[in-house]
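Have a look at the structure below, then the notes.
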Amino acid sequence: MRQMNRIDRLFSILTFLQSRKYVPAEKIADKFDISVRTVYRDIKALGESGIPISFEPQRGYFVVQGYFLPPVAFSNEEANALLLTEVLVHGFTDKSIRDHYTTALNKVKTVLRSAQKDGVEALADNIRLQLPQRLNNDSEYLSILQTAIANKSRVKLEYTSSKEETSIREVEPIGLIYYAFSWHLIAWCHLRQDYRDFKVQRIVQLQDTGAAFSIKEHIPLGEFMKQLPVDF
């Protein structure tokens, strides 16, 4: 990782803190390749500059609610990276995510300098992604599934298997994995009483029930990935 000067690191730590509810000192140290002792000094420096940072045992540091950073400034390289990501989003996600990303990116563009906007518009006309038709994702389910995973709420889905058999399932979604050129929902299925891998393209209908998970602790997604039939 490129070594930052201290001012850049302090600003980056503040941004990192604001992007999460709680951040342990160890995670900050790993993120910025510094010692935990340096983290303590940096947090103290931020506090002395008037930024309200607090700490909760067993959870970590957090920025007190109500504090906002001034408008973010992007470098040309950061702006270009966001534009390239938009192409990938349009190629590898579904309509729900594409719409949300486009809205978010438009908000980002409003804080770019005039010269940066000209550069981004020029670059947009010269980046393309060509994918085979079979990889097109025309569903609108990824956004709903993301929300359900984050909120730990059950979803009800109508699903068509590879054998063209349709069933109604109520599941507890634990994560999304992109492998074998498709998005897959990994979830605890109440019908089968086991974890199941649902190919998102085979979901016919989907509803977030709002009901909480009945299982308190699910298998970590990384553990389930070890069972996948392919490694890509």
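In the chain, carbon and sulfur make up what percent of the accessible area (probe 1.4 Å)? Intermediate results must be reported in sequence, preceding the final value.
Numbers: 7630 of 14740 Å².
About 52 percent, which is the carbon plus sulfur part of the accessible surface.
At most 10 other Cβ atoms within 10 Å and a DSSP loop assignment: could you name the GluC sites (Glu not before Pro) in region 141-232 that fit? Show your work: numbers first, answer last.
Values: sites: Glu158, Glu164, Glu165, Glu170, Glu217, Glu223; in loops: Glu164, Glu165, Glu217.
Sites meeting the loop and neighbour criteria: Glu164, Glu165, Glu217.
For Lys107, a cut-off of 16 angstrom between C-alpha atoms picks up these lysines, skipping any fewer than 8 places away in its own chain: Lys117. Net charge around Ser153, counting only other residues with Cβ within less than 13 Å of its Cβ (Lys, Arg = +1; Asp, Glu = -1)? Result for the local shell: 0.
Helix 114-124 versus the longest principal axis of the chain: what is the Cα-based angle in degrees, 0 to 90, to the nearest 10? Taking Cα atoms only, the helix is inclined about 30 degrees.
Heavy-atom accessible area with a 1.4 Å probe sorts Arg37, Arg98, Arg113, largest first, into Arg37, Arg113, Arg98. If you take the Cα centroid of region 174-232 and the Cα centroid of region 105-130, the two points sit 35 Å apart.
Segment Glu223..Thr147, full-extension length gain: 25.2 nm, with 0.36 nm per residue of separation and the alpha-carbon distance subtracted. Longer than 20 Å from Cα to Cα, which of Lys95/Lys163; Lys156/Lys199; Lys21/Lys226; Lys199/Lys226; Lys152/Lys216; Lys95/Lys199 are they? Say none if no pair is. From the list (Lys95/Lys163; Lys156/Lys199; Lys21/Lys226; Lys199/Lys226; Lys152/Lys216; Lys95/Lys199), the Cα-Cα distance tops 20 Å for Lys95/Lys163; Lys21/Lys226.
What net charge do the residues around Lys44 carry, taking every other residue with its C-beta under 13 Å from that of Lys44, with Lys and Arg at +1 and Asp and Glu at -1? Write down the numbers at each step before the final one.
Working: positive: Arg6, Arg37, Arg41; negative: Asp42, Glu48.
Charge balance near Lys44 sits at +1.
Here the 3J(HN,Hα) profile of region 195-205, calculated from phi with Karplus coefficients 6.51, -1.76 and 1.60 at θ = phi - 60°, is 6, 9, 10, 10, 6, 4, 5, 8, 6, 8, 9 Hz, Gly and Pro shown as x.
Among Ile43, Ile168, the sequence by solvent-accessible area, most first, with a 1.4 Å probe is Ile168, Ile43. From its DSSP helices (H runs of at least four residues, each -39,500 (n - 2.57)), the chain gives a residue-normalised ellipticity at 222 nm of -12000 deg cm²/dmol.
Distance between the C-alpha centers of region 3-27 and region 71-98? Whole Å please. Cα centres, region 3-27 to region 71-98: 22 Å. Label zone (Thr103, point 7 Å along Cα-to-C-beta; backbone nitrogen cut-off 17 Å) within region 138-153: 140-148. A straight chain from Arg20 to Ile7 at 0.36 nm per residue would run longer than the Cα-Cα distance by 2.6 nm. Quick one: angle between helix 76-92 and the longest Cα principal axis of the chain, in degrees between 0 and 90, rounded to 10, please. Once rounded, one gets 10 degrees.
Nearest 10 degrees is fine. How inclined is helix 36-48 to the longest principal axis of the chain, computing both from alpha carbons? Once rounded, one gets 70 degrees.
The values are calculated or read from the model by the stated rules, or taken from the named source; none is laboratory data. The shown structure was predicted, so the numbers you read here are calculated from the model rather than taken from an experiment. Every residue, glycine as well, gets a Cβ built from its backbone with ideal geometry; the counts of neighbours run over all protein chains shown. Please note that ligands, DNA and RNA were not included when accessible areas were found on the heavy atoms of the full protein model with its side chains. Shrake-Rupley method; radii C 1.70, N 1.55, O 1.52, S 1.80 Å.
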